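One structure is given below, encoded as structure tokens.
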């Protein structure tokens, strides 16, 4: 009997992992994104410096930037925003996530990376189940497989980008903040590893965790309750680790190239595209003495063009190395000046962007059949191009529109279900008092994700699609738990108080 039970569990685990990576299997390989090559080349440069071992991703002496890429075959080289030679290495591409990509590629063509992402997400979902006091078993397997086959979750597991770890951060913070009791120490240890790593993979993850922690501290002060202090302390420790990792990266870059890494002026570009920044420049230049005043004649333009475009010329990408450093250094001073000049305009545009971001959940990034997307092949090493061109994404065969439509139905059904559970007395009182708080904090995390991404970078489908699946995940988990409680007549001595 014990052997058969073990076999069933192993089979269930395999089925859940396969469900979480089905888009990669369908595609014939994991999904690339234009930024993927920058992550890999940055990590490869570090490994090459440490070991002297070159790979197909390794940079030649003439192309030393982490995201400098050769053109297609005998085409001219494509210029890069980041350049070691010019001492303008960008800090927006985590070398730590790049290492995960690099090792996955070295071991087995990125498949190990996708499997690691699936295992991490599966573990995060299991720990969330434990936080809401739902037993792991058949209901957990049903929830995972249902979410994997009907939402965007499996697409982001199959994506060679750190986006899947944003959902891990939200699940972790929701579990650690929402659980008003001491969790098993094994859970705290696992969350420490998962969250600390996830926060080093992208700046947005760090901001989401920091804001969720700040909001939790405020709620605790209002309620005069600190039952979750262990979880809050763990989030704080993970934030400190992530900041230390960023400082260490900056020190390494400074030592290697002679100058600290640059953070692209995302906030400046966003304010200019939205309008308040551009209006401020028109009224204050050249007296305000901002470096960006020198580009006023080319403004306004989209934030993406402002930072990355060479043709047509943007601002940051085509500037000299010294000008890039000045633009990077002045963006927060510029943002403060714009806020003082037009506070209503800044707040209004931020709110509009955040709202639009919350409802932007398309999967366009997984269709690489457009000419501009197919150009990604030119950024890959020659031996990687044939397989990329044979992928379903390159040939336009990934059913992104169909799955987006299915995901949209599932998302709104999940949101409606959560509203009924949280705001209907009969349904809410079926749960133990502590079971619903983590679910509420997941919704808080989704809102904060929209604010962070919509405000800092502007609405993009993948920023919300990477976490929107958490709504049906939580809804399915709670609905199955509700059915279990009613079926087993589980006693509930500590139910939520009835609403007056």
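None of the figures in this text is laboratory data; all of them are computed from the coordinates on show. The structure displayed is predicted, hence computed values, not measured ones. No Cβ is skipped: glycine too gets one built from the backbone with ideal geometry, and neighbour counts run over all protein chains shown.
Please compute the length gained on full extension between residue 233 and residue 103, using 0.36 nm multiplied by the number of residues separating them and subtracting their Cα-Cα distance.
Working: separation 130, 0.36 × 130 = 46.80 nm, distance 3.15 nm.
Computed gain between residue 233 and residue 103 is 43.6 nm.
Using a/c under 1.5 as the rounded threshold, could you call segment 147-245 rounded, prolate or oblate? The axes a ≥ b ≥ c are square roots of the C-alpha gyration tensor eigenvalues, and prolate needs a/b larger than b/c, oblate otherwise. It is prolate, given that a/c is not under 1.5 and a/b is the larger ratio.
Give, in nm to one decimal, the length gained when the segment between residue 119 and residue 241 is fully stretched (0.36 nm per residue of separation minus the Cα-Cα distance).
Roughly 41.7 nm would be gained on extension.
The listed peptides 327-335, 458-466, ordered by packing as a protection proxy, come out as 458-466, 327-335 (highest mean of other Cβ atoms within 10 Å first).
For the peptides 27-35, 251-259, 171-179, what is the packing order when you average, over each peptide's residues, the other Cβ atoms within 10 Å and list the highest mean first?
Numbers: 27-35: 20.4, 251-259: 14.0, 171-179: 27.4.
Top of the packing list down: 171-179, 27-35, 251-259.
Over segment 266-358, what is the relative contact order in whole percent, taking alpha-carbon pairs under 8 Å and six or more residues apart? Working shown, then result.
On the way: 84 pairs, mean separation 29.2, N = 93.
Reported relative contact order: 31 percent.
With the contact rule set at Cα under 8 Å and sequence spacing of 6 or more, what percent relative contact order holds for segment 114-246?
Values: 122 pairs, mean separation 37.2, N = 133.
Averaging sequence separation for qualifying contacts and normalising by length gives 28 percent for segment 114-246.
Between residue 193 and residue 298, the modelled labels are 4.7 nm apart [label points 7 Å from Cα along Cα→Cβ].
Would you mind getting me the FRET efficiency between residue 255 and residue 447? Use the beta-carbon distance for r and R0 = 41 Å, nearest 0.05.
Numbers: r = 40 Å, r/R0 = 0.98.
So, using R0 = 41 Å, E works out to roughly 0.55.
Shape of segment 181-318 from the C-alpha gyration tensor: prolate (a/c of 1.5 or more and a/b above b/c, with a ≥ b ≥ c the square roots of its eigenvalues). Entry note, the chain: relative contact order of 20 percent, from Cα contacts under 8 Å with a spacing of 6+ residues.
Pop the C-beta distance of residue 484 and residue 287 into the FRET formula with R0 = 60 Å and round what comes out to the nearest 0.05.
Numbers: r = 67 Å, r/R0 = 1.12.
According to the calculation, E is roughly 0.35.
If a/c stays under 1.5 just call it rounded; otherwise compare a/b with b/c (prolate if a/b is bigger, oblate if not). Do that for segment 355-424, with a ≥ b ≥ c from the square roots of the Cα gyration tensor eigenvalues. Show your work: numbers first, answer last.
Working: a/c = 3.80, a/b = 3.08, b/c = 1.23.
Prolate, because a/c is 1.5 or more and a/b exceeds b/c.
Simple spin-label estimate for residue 54 and residue 372 gives 3.4 nm between the two label positions (7 Å along the Cα-to-Cβ direction from each Cα). Sorted into 10 angstrom bins from 0, the C-alpha pair distances of segment 266-358 split as 17, 52, 27, 4 percent. Rounded to two decimals, the Cα-based Rg/Rh of the chain, with Kirkwood Rh, is 0.98. For the chain, the mean residue ellipticity at 222 nm estimated from helices alone is -21000 deg cm²/dmol, where every DSSP H run of n ≥ 4 contributes -39500 (n - 2.57) and the total is divided by all residues, rounded to the nearest 500. Give the calculated FRET efficiency between residue 35 and residue 424 to the nearest 0.05, with a Förster radius of 30 Å applied to their Cβ-Cβ distance. Using R0 = 30 Å, I get an efficiency of 0.10.
In this simple spin-label approximation, residue 386 and residue 219 carry label points 7 Å from Cα along the Cα→Cβ vector, and these lie 5.5 nm apart.
Per-residue extension of 0.36 nm, minus the Cα-Cα distance of residue 460 and residue 22, leaves a gain of 155.3 nm for this segment.
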